[in-house]
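Coordinate-derived values only; no laboratory data. Since the model is a prediction, treat every value here as computed from it, not as a measurement. All Cβ positions, even for glycine, are placed from backbone atoms using ideal geometry, and neighbour counts span all protein chains on display.
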Amino acid sequence: GEFPELPYPIYISELISPTIDLSSLSDDTPINLKFSQLVLFFGAATDYDFTSYAVSTDDGVTWSDNYNANPEIEQFDGGNADEVFPTNNTLEFPLPSDLGLAGSSMVKVKFTFAGNFFYWALDDIMLIERPLDNVAIYPAWYAAYTNRLVPSDQVENFSFMTDVGNVGGNTVSDV
């Protein structure tokens, strides 16, 4: 199909959770935001990340800064449409403790889709207590073995490579 005439229309859409009561948690409980997604995007709105999230502790009267929900996924420019595939994964983000979520009875989470083409589908959205030790492999990038289809007597040594991040509460060393 053909794309419409430039400039493309920009849409800014928000998905806001119901009120979440976290008052039973002590104020120092570390919290992560976890969700599954299917996403494909083209061009972001000016001054926005294409997909982002924010939190509120006053039932949505005020919101935190927007945090990029897909910092590792690049937008595509239309010239590479045949090479781009949707990203389908589960993400987990540590929420800063200074946001005051733990102990609040009026927490809300807002997801913002800000751009023109394609979509962001969300599922299984959770606020979870952050595990203290939790190192994760980022699913958006890892190196593949280039000679993976060879006879067993011709297999070469190879190394694994990926991006790793700490989504736990403790500082991690020697990873």
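Structure notes:
- Per-peptide average of other Cβ atoms within 10 Å, ordering 29-38, 13-22 highest first: 29-38, 13-22
- Shape class of region 4-51 from the Cα gyration tensor (axes a ≥ b ≥ c, square roots of the eigenvalues): prolate, since a/c reaches 1.5 or more and a/b is larger than b/c.
- For the pair Ser152 and Val164 in one chain, pulling the backbone fully straight at 0.36 nm per residue adds 1.3 nm over the alpha carbon distance.
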